[in-house]
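Notes follow the structure.
The values are calculated or read from the model by the stated rules, or taken from the named source; none is laboratory data. Computed from a predicted structure; not experimentally measured. Because the Cβ atoms are built from the backbone with ideal geometry, glycine has one as well, and the counts that use them run over all protein chains shown. To get the accessible areas, we keep the full protein, side chains included, count just its heavy atoms, and leave off ligands, DNA and RNA. Shrake-Rupley method; radii C 1.70, N 1.55, O 1.52, S 1.80 Å.
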Amino acid sequence: AAHCSLQAKRLLLDPKFEGYKLSLEPLACYQLELDAAVAEVKLRDDQYTLDHMCAFGMYNYLHLDSWYQDNVYYVDQFGRIMNLSVTLDTALQKPREVFRLPTDLTAYDNRLCASIHFSSSTWVTLSDGTGRLYLIKSGKRGNSTSEKWEIVFNEELGSPFTIAHSVSFVKSDTHSVAVLLLRVEKDELDTKGSGFHITLEWVTIAEISKEGDHRYEILKRRVLQGKSVPHYAAIEPSGDGLMIVSYKPFKFMQGEDNKSEENDDAEATKEKKDPLYYWQQTEDDVTITVHIPEDITKDDVKVRFSPDNICVILKDQPPLMEGKLYSSVDHESCTWIIRENKSLEISLIKKTEGPQWPELIVGDTRGEFIMDSSQCSEISESLMHLTSEVMNPNPEKENPPCNAQELEECDAFLEDSASLCRFDGDTLKVTHIINLGSNQYLFSVVVDPKEMPCFCLRHDVDALLWQPHSDQPENMWEHIATFNALGYVQASKQDKKFMACAPDYSYAALCECLRRVFIYRQPTPLATVLYNRKEGRQVGQVAKQLVTTLEASDPILGFQATSERLFVLTTKTLFLIKVNSGN
């Protein structure tokens with residue numbers, strides 16, 4: 001896999017950013033009472049791990065349809081998919097039913113929350129939380145007369161899952177939909193960890209034509225497994241690859257057809273474990289020991305010495321050892337003998353005494369060098385002056401190497417080894433990997449529905465938004481926007497539940513579990529002249545922080561941002577906060 005790095009664009013960074021000014025301007029907030037409560041599924045007693053909490057406990061029950069402006073969906077307790085499409089905030093319609101799940105969800109004990117993903121402007125993938133996947137042809141959505149949700153595929157796919165992502169694409173005149181299913185499954189073999197592992201199943205459903213009959217069937221099912229819930233998992237628009245941001249690595253579980261390949265690998269590693277020969281050396285000579293089969297006698301062994309080469313042949317087989325020696329030997333004085341324990345011992349006399357050989361036969365890695373104890377102690381003595389018994393014996397008193405107290409509590413977070421991996425759909429291997437180090441994952445957002453979702457990472461105090469381009473190998477991850485100081489600001493919000501940003505980057509927002517919503521508007525030019533009194537200079541633009549407190553006692557279950565407004569869902573109410581006025 002190619003080890004890559006993310007290249008930030010300097011022009012999108014503002015080193016002179018002065019912080020957010022708290023604005024007391026009131027934001028228009030509209031609320032809609034729901035006919036029926038949201039179909040929230042609480043965690044059961046056996047879903048006690050952090051992974052269950054991340055995957056299902058912090059689930060966003062409000063789904064934004066990025067293909068149409070200001071169009072959101074949720075599932076209510078009667079299994080109805082409800083839609084709200086906004087054109088005017090002052091003339092809001094009640095959410096309307098666009099589809100009803102055929103299954104009676106109350107009959108299932110171990111179900112998860114229902115999930116929706118909009119694969120294209122006319123295709124939707126839907127899970128009822130019981131392990132059944134629906135592929136739906138919706139027509140044009142969002143209050144359109146041509147909208148009619150029609151099931152074209154519906155199948156039981158094993159244990160319950162939520163939909164992480166899906167894409168619709170046409171390849172060689174065949175329409176396909178690829179879906180990514182997320183599960184947290186019990187792992188009997190994991191005795192030391194949480195006892196669970198995470199699986200991402202990549203399912204490809206394609207249109208099959210048989211005798212004039214058009215049907216959708218499963219074409220491929222592939223499973224990746226890991227030990228932490230991925231922060232981000234998305235299929236490329238072409239359906240050729242997959243990108244995952246996770247704390248712990250994922251890898252494909254091999255199917256039957258890959259078993260032989262796996263066995264070859266196992267044999268190769270086995271060979272590596274058992275060296276073909278062992279060798280030792282002194283200043284004067286080199287001793288090689290080779291284990292030989294029981295039935296080999298002295299007459300079956302041929303050892304040829306020359307000043308720079310050695311060749312060992314057993315019976316009529318190809319040479320066991322052959323090649324150029326690291327340094328010259330006195331070939332007339334070299335000998336060999338078969339020991340009682342059925343090992344062949346070869347003695348080489350060095351031409352030049354003294355220097356240690358780093359290898360025996362140039363380029364041959366099948367042997368193992370054994371160092372005797374006197375050589376070990378000699379080497380450690382020669383390195384003694386480089387080490388000390390005392391920790392940091394003589395540091396520069398004025399310049400201590402590091403002061404941990406300078407780090408603030410909110411700068412410390414667990415996920416210091418998260419990585420971003422790109423998997424190839426054909427080889428199922430990682431092609432690109434980025435170690436994210438301290439670039440903490442914050443949230444993801446769809447800027448352009450035809451592209452992959454963007455992900456936002458913390459870089460120092462800022463939050464940088466990255467757009468993956470799977471079809472541009474030279475520019476696979478593009479830095480497209482910066483939210484100034486958001487990395488630092490969000491770290492202090494201990495109760496945050498969801499984060500989002502406008503697809504036009506005009507603001508970022510986060511909400512707590514209850515009531516409070518924080519909005520961070522990016523710097524905008526001022527209509528009036530403003531002076532910085534301290535420095536006596538004119539300020540051309542200002543960034544504002546706004547805070548809204550919702551009139552709700554229920555916890556926030558869903559949170560979505562569009563360029564003009566924020567949608568916040570609680571159990572029985574849908575709030576709309578007007579952040580920007582439309583053009």
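Some observations on this one:
- Residues that are on the phi < 0 side of the Ramachandran plot and over 51 Å from the mean Cα position of the chain (by Cα) do occur in region 284-291.
- Evaluation of residue 411 against (1) surrounded by 15 or more Cβ atoms within 10 Å (Cβ to Cβ); (2) within 30 Å of residue 253 (Cβ to Cβ); (3) of a type in the set (Asp, Glu); (4) modelled with pLDDT under 90 (one fails), failing number: (2)
Yes/no per residue for (1) surrounded by fewer than 21 Cβ atoms within 10 Å (Cβ to Cβ); (2) of a type in the set (Gly, Ala, Ser); (3) at pLDDT 95 or above; (4) farther than 28 Å from residue 61 by Cβ:
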site: 147; (1), (2), (3), (4): yes, no, no, no
site: 178; (1), (2), (3), (4): no, yes, yes, no
site: 182; (1), (2), (3), (4): no, no, yes, no
site: 191; (1), (2), (3), (4): yes, no, no, yes
site: 195; (1), (2), (3), (4): yes, yes, no, no
site: 200; (1), (2), (3), (4): no, no, yes, no
site: 213; (1), (2), (3), (4): yes, no, no, yes
site: 223; (1), (2), (3), (4): yes, no, yes, no
site: 230; (1), (2), (3), (4): no, no, yes, no
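- Residues of region 361-386 that turn out to be assigned to a helix (DSSP H, G or I) and in the same structural domain as residue 321 (by the TED database), as a count: 0
- Region 1-17, residues that are charged (D, E, K, R) and free of Cβ contacts under 8 Å to residues at least 40 places away in the same chain: 10, 16
- Scanning region 330-343 for residues that are open to solvent by less than 30 Å² (accessible area, probe 1.4 Å) and modelled with pLDDT under 90 turns up just one, 343.
- Enumerated strands (runs of 3 or more DSSP E) restricted to region 91-191, each holding at least 1 residues that are of a type in the set (Lys, Arg): 96-100, 132-137, 162-171, 174-186
- Number of positions in region 143-172 that are free of Cβ contacts under 8 Å to residues at least 24 places away in the same chain, among the β-branched types (Val, Ile, Thr) and either farther than 30 Å from residue 92 by Cα or not assigned by the TED database to the domain that holds residue 57 (or both): 1
- Within region 454-517, strands (runs of 3 or more DSSP E) holding 2 or more residues that are over 24 Å from residue 555 (Cα atoms) and open to solvent by 40 Å² or more (accessible area, probe 1.4 Å): none
- Enumeration of residues in region 447-504 that are of a type in the set (A, V, I, L, M, F, W, C) and either touching a His at 6+ places or on another chain (Cβ under 7 Å) or within 26 Å of residue 123 (Cα to Cα) (or both): 447, 452, 454, 455, 464, 466, 476, 500, 501, 502
- Members of region 30-39 that are open to solvent by less than 60 Å² (accessible area, probe 1.4 Å) and in contact (Cβ under 8 Å) with a residue 60 or more places away in the chain: 32, 34, 37, 38, 39
- Whichever residue in region 179-195 is in contact (Cβ under 8 Å) with a residue 40 or more places away in the chain and within 18 Å of the chain's Cα centre (by Cα) and, among such residues, is farthest from residue 238 (Cα to Cα): 184
- None of 535, 551 is open to solvent by 30 Å² or more (accessible area, probe 1.4 Å), at pLDDT below 85 and not in a strand (DSSP E or B) except 535.
- If you go through region 298-355 and keep only what is touching a Lys or Arg at 6+ places or on another chain (Cβ under 8 Å) and assigned to a loop (DSSP other than H, G, I, E, B), you end up with 307, 308, 327, 328, 330.
- Among the residues listed as 47, 69, the single one being assigned to a loop (DSSP other than H, G, I, E, B) and open to solvent by 80 Å² or more (accessible area, probe 1.4 Å): 69
- Test: residue in region 26-46 that is at pLDDT 90 or above, touching a strand residue (DSSP E or B) at 6+ places or on another chain (Cβ under 8 Å) and farther than 22 Å from residue 554 by Cα: no
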